[in-house]
Amino acid sequence: MHKNEVIVAKALSLPKNSAERKEIWKTLRNEGDWDHNFNVLKNGTGTLIPKYREQKTRAHSEFIPCSGCKGLYSKTSLSDHFKTCVSKQTDKKNQGVKEGRFLLPIPEHINGGFYKDVLLSMSQDDIYMYIYRDPLILKFGKRLYENKDIQEHTSNHISCRMRELGRLIGEAKKTPEWGIQKIEDCFSPEKFNNVVSCVKSLAGFSEDTHMYATPSLALKIGYSLQRCARIYRSDGIIESDITKQENGSAFIQLYESDWNDLISSRARQTLSEKKYNAPKMLPLCEDVYKLNSYLKEKIKELLMKLSNDSAFYIELAKMTLCHITLFNRKRGGDVQRITVDNYKQAIEAQNSVPYDDELKSSLSDVEIELCRSLTRIELKGKQERKVAILLTPEMIKCIDLLMQKRSDANVCGKYLFARPSPSTRTLRANDVLNEICGKIELRYGNIITYTNLRKHIATMAQIHELSENGQDQLAKFLGHDIRVHREIYRQPLDIIQKTKISKMLMLINEGKNVTEMLFNNQEEVKEIDGSCADESVCTKKSIEILQSTNEALQCGCPNGENCTRHNGTVDHD
């Protein structure tokens, strides 16, 4: 029947019991078994034909095919088999389960890209099965997938959001009498209080302290449930299902009226209270200097080595990635996701766009030289904000050499700092920074992170009295708005409160002739008992008052403000 098939004819032409003939029969057998197994997995009915008979009964979900020979194995058996499989097409011996999942049939109601990028990257545990069997959670994840610009970190974010809902279902199933088996069951009005109890239990709410162990989880689940309810209501409108419309609308109404009182309010207060009296340690300038000096020395050394040996490619890529991120005080993810195309476009723009003569006339010679030598790359950062990255001539030299040696180092990804093949992912900037800091003797190396470095520069701008316009420009360069810059990144240093503000308090408490003080960003202290024609003279004299009064407080003069050596009287004529 099949003797006219090419591969069968080839097998029959070989000597009996030969190794090559046995290998062909084995391949044909695996292909036939996989064709049958694929239909069983797709339809959800039938009997699977595993490579080896199992001693105990297993569910269909516990079997995964080998991406090389197409044999069907349990997860544990596949990991062992894949290490020695001669048909596998990857050098990674521990990727058997991950590669095999790509062969599994894609459910009809799931987008292929979403399935491969998100679902297949999840851990195949009980939470995954709750997600996989819940159409509403899958639709919620699919909406997130379609709404976002797909990058290598996007799938992890979507996976986390879906797993939070899966954990909620797992928590609800611990109380069977509630009857919550899927997310859509949460939207029945009579089960709203049960959902609230589930969220509190999952987030570790304490009835004694009224505090959450994980307050952010309670907030995130609330946002996700609200979005799922809107999807559920939309499906009801499309399908003309009155029950779905009513339950979806009822949950949204209950969420808007009661959720804040029952969940969100205490969760936000817990987040806020955890920050009270927390140590606000920023990187030391000497540690930052040591790190920067180390990077420059290593880059200089690696430039010479890589010119002769491509084995130093990854090490130079790590040093360059860290140097660029440190210099620009950027988020690690922004710099690590620079693509080769981004870099080439920035170089072309640098060479083709001239500067206006009138603009040059307003710049100093140093600023003109900086404009000529620095290269600027624009990227899409957090919340779709434009993020600018500046490259010095030394950084350009490193990148050009990395570009030149990409093929020799077997690097083919789209990212500028991509890993060698077969991986197409980029180096992780945070991991690189931790690795480098571990090689240097720093006083407080454990607090050197990119977030703390960004807070460091924001706080230094505060201490050095950067103008409002300067702060706004700095905030835009760092990739956030001025409100975030002031409230999150600029730390309220205790030094400022212990020195600057304490002087004012001491003046008032000692009964000095100061009725009202103004403290602005330039740290000017003005006495406003009366008016002064020359504001600069008035400010200068007011500062002299503070200085002389401070000396009086330090000398402990019993006469106080009547001390002849420390009298702070100023004539405003």
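Quick notes
- With every protein chain in place, the range 358-427: carbon and sulfur % of accessible area (1.4 Å): 51
- Solvent-accessible area of Glu256 with every protein chain in place, 1.4 Å probe, in Å² to the nearest 10: 120
- Here the gap between Ala388 and Arg443, fully extended at 0.36 nm per residue and compared with their Cα-Cα distance, gives a gain of 16.7 nm.
- Taking the C-alpha atoms of the range 34-174, convex hull volume expressed per residue in Å³: 127
- Solvent-accessible heavy-atom area per residue, rounded to whole Å², over the range 34-96 at 1.4 Å: 64
- Between the range 393-434 and the range 303-332, the alpha-carbon centres lie 8 Å apart.
- Distance from the range 175-196 to the range 18-71 (C-alpha centre basis), Å: 40
- Counted charge near Thr243, where neighbours are those whose Cβ lies closer than 15 Å (Asp, Glu -1; Lys, Arg +1): -3
- Only alpha carbons enter this Debye calculation for the range 196-294, each as an equal point scatterer, and the log10 of I(q)/I(0) it gives at q = 0.15, 0.18, 0.23 Å⁻¹ is -0.71, -0.85, -1.09.
- Working note: Cα atoms of the range 296-420, range along each principal axis, descending, whole Å: 48, 35, 25.
The values are calculated or read from the model by the stated rules, or taken from the named source; none is laboratory data. These numbers come from a predicted model, not from an experiment. Here the Cβ is made from the backbone with ideal geometry for all residues, glycine too, and neighbour counts use every protein chain on show. Surface accessibility is based on the protein's heavy atoms, side chains included, excluding ligands, DNA and RNA. Shrake-Rupley method; radii C 1.70, N 1.55, O 1.52, S 1.80 Å.
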